[in-house]
Each structure stands twice: as C-alpha cells, then as structure tokens.
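Accompanying notes for the structure given below.
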Amino acid sequence: MASQAASTGIGARIPRRELKRLLAGHGRYIDDIRLSRMLHAYFVRSPHPHAKLVSIDVQRASRAPGVAGVLTAVEINPRCEPFVGVALHRAGHRSAPQRLFAADSRAEAEDAAELIEIEWQPLPVVADQFQAIAPGAPVIHHGMPDNLAFDFTMEQGEPAKAFAEADVVIEEELRFERQMAMTLEPRGLIADFNPSDGSLTVIHAHQSPFQMQEIFASHLGIPEHKVRVVAPDIGGGFGLKLNVHCDEIATVVASVIFGRPVKFCVDRLESFVSDAQARDHRIKCRIGCKRTGEITAMEIDDIGAVGAYGMPMRFNVAEGMMAVVMTGAPYLFDSYRARTRSVYVNKNLIGMYRGVGMPFACIVGELLTDLAAHELGIDTVEFKRRNYRPKSALPCVTPGGQRLETVSFHECLERLVELMDYDKLRQEQRELRGRGIHRGIGIGTFCEQTAYGPPYYGPSGAAISTQDGCTLRLEPSGSVRCLTSLTDQGQGTLTAVAQIVAETLGTSVDEVSVAGNDSAISTYGGGAWASRGTAIGGEAALRASTVLKENILSLASAITQTPSDELSLANGQVINSKTGLSVISLAEVGRIGYFRQDTLPKDFDVQLSVNASFVANDKPYYMANGVQASYVEVDADTGFIRLLGQWAVDDCGRVVNPLLVDEQVRGGTVQGIGAVLFEECIYSEDANLLNGTMADYLVPMAYEMPDIVVSHVETPETSTRLGAKGIGEAGLIGAMGAVWVAVNDALRPLGARITHQPFTPERVLDALARAKPAEPPVRP
C-alpha cells in the first residue's frame, strides 16, 4: 500500500434544514425525491505517507447517529477495476495498479469518523527524487524492481562535439518545489445511481464530462448509455479537475452500493492532502555558444517525483516529456541532448496543471540564453534577434521534435520591446544600480502546444476525445439555440462560441443561447483542457453555423423566390447581398420552416437543426508562441522582491474575443508569478506536508501584482477556417520564464544567482550569502 494510503468512510443523512441550500441548481439533473435521500461522503485518510493498514474496526462508527453505512476497501475495491496510469506509447513506462482503497460520508459523518479505530504500521518513506533512485532505497511497490517509473532520452546532431567546440558553456542546476492548483472552488461531485433502471447521473466539478462518463462506465461496469455526467459552472479548473481522483470514483461506487445519491466535496484542508499536485523537478541544463553569439548546443537532464502511482488517463510523465521536447524550441541550433526520468515517492500524485512541463522549457531556455548573452557581452534582446528561428526557416522541426509552422518570434519580440520601452528601462536600471537599487529585466520567450489532436493521445491507449462538436437550431422566433461539447470553468469559452455563431448567422449574440457541460445532450467531445476550447470547439461551431446559414438561405430563397447566391444574413434579417435591403427576417424564415411547410415546394427539405464536429486529424497539436517581460526590484537587505511591471505579447492565432483573451493572459500571468515567488508545498524529511492551510501556503495577492500590459500578434492557424490556436496557458508559461530571468538579472551585480523555486526572501538571502564577485563578460 503506497502513499495514497487507506481511506474509509461513512454515509450520513443531510439534515432537511440544509437540503434546500445544498441542492440549489441540481434539481434539473436529479429527481427531487431522490435528492431528499442524499447522503454525504467523508473519507478517513492515512496520517502516514507510507503505511500498512493492519486492522480496522468500524463498529462504533456504524452505530453513530445519522450514519447510513461505513464502507472500506472490502466493499469498495471489488466494484471498480483498478487504475493503471501507463502511457502505452511511452516505452518502459510502468506503474503498479491503483485501487480506490476508499469509502464515503460527511456532516454527522465527520464526528462518526472519529470513532473508527485503525491500526497502522508505518513503512519506510521515499521523500524525494534522489532518495528514490539511491542504492538501497526502499521500493514503494512490491513487484517492481525499483522506484523508476519512466526513463527517456533523446539526442539530435552532435551535442558532445558541439559542446567541446563551444567558446562559452553555461551550466546550471534548477530546483522546482511542489505546488497546488488552488482553484477557487475545491473538488466535488454528487453521484446518483438509480437501481430501478441501472442509470448513473453524476454532477461533477470536472473539465471533461465525456472522459468521466467513459471512466465510470468502463471501471464500474455500467453501460455507457446509462451514464450521464454533468459539469456545471465551477470555480476554476486549471487542469486539477481534469485528473482522476480515487475519492471521487469511490463516491460513485458508494452511490451504487446504497442506491441513493451521495455527495462529496473536498474542504480546503482536505484538498492539500488529496488533490493532484504539480512540479517537483530537479533539472541540470547547459548551453554552448560561439564567441560571436550563435547557439551551438543545448542539454537538459530532468528528474521528476510523480507521487506513488501513475496518474490514470493523463499520465504524470507529461511534465518531464514536455520539458525536454520543448526546451530551446524558439532558437536555431542543431545539437541537442535530453533526458527525463519520473520516479515514485510517497507524496500526492502529480497531475495536470496549467502549462504542464512547458514552463520548465521556457525557464531553462530563457535563463541559459540570458546568462550566455551576458557572458558574451551581448544585450539579451540582440542575442535573441540573432538566434530566434526566422520566418524563412518555417516550417521546421526543432531538435526536440516540435513542428513549427505559424510562429512569430521576431514579430512578438519587436512588439514587446516597443510596448515596454526596453531601452528606456535599461537606462533606468543602470542609473539606479549606481545608487544601490537592484532592478532586473527578464524576457521569457515560449512556445505553447495547444489543442492536441488524435496523434497525441491516440497511441497512449487513453480513451480521451480530441474532437468537439456543436449542434445548432434556428428557433421559430429567429433566435438560435446552441449545444456544445465544451465546458467552461470561467474562461468565457461559451461566450466565444456564441460570438462565432452570431457573426456567421448575422444575428446578435443576445439571440444565441449556448449550453454545454453535459454528456447526455451534446455531441461527443473533449471538454476544456490544453487551450483547446475556441480552437477546436469554436471551429466546430463555425462549421455548424456555416451549414445552418446555407440551409437558412436555401429556405429563404424558396420562400422569396430569390436566388440563394444573392442572399446573405445581417442584423437578424435575410438581406439582398447587392442592395443590403431586408428580404425576410430570420423569425419569418423560422416560422414558415416549422409551421407553414405547406407553402413550400413539395420536395423541399427543411433542415433548421444541424450538427458538426471537428478534430485536427493530422496534427498532434497547434503551436502558439509569445514573449513576456518582467521588471522587478530586489531588496538585498530583506530578500523581498517587488514586481514593477509585466508585459505580454502573444500569438494565439485569430483573436475571437480580445477581452477574454487578454484576461486569460493576465490570469495565467498571475499564476506564473505566484509559482516563481510564493507557492510551495513544504514537506518534512519523512514526506509529511507541513503547510496544508491557506494561512501557510502563500498565493499571490492583488496588491502584490503589477500592471500587466497585453498585446497580440495574429498569425492564424492555417489548417482551420477559424484560425484560432489557443491562449489558456500562455500567460503562466511566459511569466515564469520572465520572472526567473528578471530576478537573476537584478542579483547579477551582487554576484548572486538563485535557482530554487519559489524565490522566497530566505532563498534570496541565501543566494546573496553564497555570492561570488561578479566577473566581467567575455567580449566577442
């Protein structure tokens, strides 16, 4: 039994006085009578990072007031197939099967849970990466030879020769601590298994209802057409609510056992010890350059601690893989060596989180190039101008295997330099350094994989849909009803879909209603992840709208006896394309199409409901890009870092809604700043979490954030009609790279360098204590 150790639970009735408040908004999915019998789930979790459950006594808890039952692994595990989080297309990837080892309850159940008597036998703990691979280390899983989950290497060109012949070689070791997604609303669900017809309805705070529909059906043995997953508006996702969490699956199993609705919501304290986490990597990296400033080679060696098991479906080797394949992508060089290893430790599972491993690639590439530029006596902007991949080199494949087609590195950089008034800031920085004020400028260039296609997840064996769909219906009133397979966690994706539909059909956004988030009503789709909503779901909406437009014009032509090629749509009217005058309203077209078909030609086929799906069949992903800049000040006496300015220029393809896009960038930027400066899950040497409260886990506050200025370069994706690429993770990726470089730029005159994230005041002071006298740059 590994670090997601034993859980048990109790089912408790909810007091009637609380029922109305708890059920608000859910009655349309679950029958009110069934809801009145709903139970709460509560989990008793292991107090040890690694332990054997010797015995468990639930008798007293079973007799506690309001308790419907106590479930242990004996009752739960046989009802659910174990999860094995192994990507079939990653040779050598291995994981022990993960059982739920869980149960249910809450309210009165929390009191009853204290009555459960459990005897634990603590086992040796594996707390970090290097302990996991040390000779003689405890092996977490019996049946596995060691704690290595995955080991991948790649090499392009002649890196050994390139480094040997380089005039300058810069090496660094970087450390990234664990962090949480910290969604505004924690995880939660209501599961309702109806024994009368064998159907399951789950109201789930999740980003991909179709993914969970498949999981509930395949692992619990319920026919898929009898499983419905509804993902209503939830308070943030950030990738956390894309993962598979065993307590959520166990809640559904509890509903199957009791034949009653069961509700489980993680409170904030519980989330710290049960949510999937992110990061936890150690990276060695280096860059080789000629004295004239050309990059000759890069190398990265990454090792990540992924928790006790492989993450089902989404695979926690992804952080390391993205780091090694994306490093150096914006730069023109041929020789590259990379390695990533994933190891098992007795901590929370690593799962999906905004940006996944792409921030590592940005940080490695931007820190190394900035250090190399300084060593060579070249301004960092000029260094990038010399080494970015030019448009003339596109399309191309990077040494890490990334195909670049519609990126715009130079254009984004020049827009950024103008936006921030780069030369003026450099002059201000030099003047202030003369007065003992230490400010730094950092630039973070990045590529962002977005909108993954079938070649990415298909070979992995995971049942993950990379398509999305849209159903449209013209109503008799002339308004439009839209059903989409997308979900929305606050991004505003459904608003963008409404805009696309309204613009194509020549009507107001107010005349378009959009519904999604429900696996029972829409076409099959992937949901919200990897910056794909507008790029994939928006494309499906555009294609459905185009078909409906053609059908409307064809019907209007039959009604008005006007050739359809002389008609168009605008302002809720069918208009004459030449004169711009109204011919007939959409409302009249709808009225006749539904109620007066008797006035139409006998052979006319009225089709005012259409459906379209879209998937990028031949692409593993689209590639967006951008660049950010940070301006910071470091107090050498206290170690505090003050953010003075942040600028972002992104190329996400076609920008459908500038306001939504800008705020996505700003939100991601704040998360990126938080990761670099504040957020850390602090563990003891024996792998116990020490700061599992909001009082101890620091997150960025509004007053600490600078103004974030956003601009865009638009290079449309050429393989789609819409041309959108995606924007959801760009802000975080670029911000992390820019802040890393800016802080180290501020410390440079003091001879200090900080490479341990987050950059807390203590670590800044430690870096200053280790400082070496700054050496003059090598001149070309």
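The values are calculated or read from the model by the stated rules, or taken from the named source; none is laboratory data. Quantities reported herein were computed from a predicted structural model and do not represent experimental measurements. With ideal geometry, Cβ positions are generated from the backbone for all residues, glycine too; neighbour counts draw on all protein chains shown. Heads up: the accessible areas ignore ligands, DNA and RNA and are worked out on the full protein's heavy atoms, side chains in. Shrake-Rupley method; radii C 1.70, N 1.55, O 1.52, S 1.80 Å.
Some points to look at:
- Long pairs among LYS241/LYS347; LYS263/LYS347; LYS161/LYS290, criterion Cα-Cα beyond 21 Å: LYS263/LYS347
- Relative to one another, the C-alpha centroids of region 237-264 and region 645-675 are positioned 33 Å apart.
- Working note: Debye formula, equal point scatterers on the alpha-carbon atoms of region 592-680, no solvent; log10 I(q)/I(0) at q = 0.11, 0.12 Å⁻¹ is -0.62, -0.67.
- Exposure rule at most 13 other beta-carbon atoms within 10 Å, DSSP loop GluC sites (Glu not before Pro): the chain longest free segment: 115-684
- When the inverse distances between all different Cα atoms of region 620-737 are averaged and flipped, the Kirkwood radius reads 16.0 angstrom.
- Whole-Hz couplings from phi, Karplus 6.51/-1.76/1.60, listed for region 710-725; x for Gly and Pro: 10, 9, 9, 10, 10, 10, x, 5, 7, 8, 10, 6, 6, x, 7, 10
- Proximity of backbone amide H atoms, modeled 1.01 Å from N, is registered between VAL574 and VAL583, ILE584, SER585, LEU586 at under 5 Å, excluding neighbours fewer than 5 places apart on the same chain.
- Taking amide H atoms as placed 1.01 Å from N in the peptide plane, the amide H of ALA520 lies under 5 Å from those of VAL229, each 5 or more residues away in sequence or on another chain.
- Applying the criteria of a DSSP loop state and at most 12 other Cβ atoms within 10 Å to the trypsin sites (Lys or Arg not before Pro) of region 598-658 yields LYS602.
- Helix-derived mean residue ellipticity, 222 nm - over the chain, DSSP H n ≥ 4, -39500 (n - 2.57), to 500: -8500 deg cm²/dmol
- Rounded to the nearest 20 debye, the dipole magnitude of region 38-190 is 720 debye, with +1 charges on Lys and Arg beta carbons, -1 on Asp and Glu beta carbons, and the Cα centre as origin.
- Alpha carbon Rg of region 696-736, scaled by the compact-globule rule 2.2 N^0.38 Å: 1.71
- Shape call, region 377-468: gyration tensor on alpha carbons, a/c limit 1.5: prolate
- Counting Lys and Arg as +1 and Asp and Glu as -1 over every other residue whose Cβ lies under 15 Å from the Cβ of VAL54, the net charge comes to -2.
- Karplus-derived 3J(HN,Hα) values for region 161-168, using 6.51 cos²θ - 1.76 cosθ + 1.60 with θ = phi - 60°, are 5, 4, 5, 5, 9, 5, 7, 9 Hz; glycine and proline are entered as x.
- GLY69 long-range amide H proximity, modeled H, under 5 Å: GLY11
- 5 Å-binned pair-distance histogram of region 227-315 (Cα, whole percent): 2, 9, 14, 17, 14, 11, 7, 6, 6, 5, 4, 2, 1, 1, 0
- For the chain, the relative contact order is 14 percent, taking Cα pairs closer than 8 Å that sit 6 or more residues apart in sequence and dividing their mean separation by the residue count.
- Ligands, DNA and RNA aside, SER557 has an accessible area near 20 Å² when probed at 1.4 Å.
- Other residues whose C-beta falls under 14 angstrom from the C-beta of PHE315 contribute a net charge of +2, scoring Lys and Arg +1 and Asp and Glu -1.
- J(HN,Hα) series, region 277-290, from Karplus relation 6.51 cos²θ - 1.76 cosθ + 1.60, nearest Hz, glycine and proline x: 10, 9, 6, 6, 10, 10, 10, 9, 8, 7, 9, x, 9, 7
- Total formal charge among the other residues, if their Cβ is under 12 angstrom from that of GLU119, Lys/Arg +1 and Asp/Glu -1: -1
- Only helices reaching 24 angstrom along their own axis (Cα) with mean Kyte-Doolittle hydropathy no lower than 0.5 count here, and for the DSSP H runs of the chain these are 358-376, 539-560, 658-677, 730-747.
- Per residue accessible area of the chain, 1.4 Å probe, in Å²: 37
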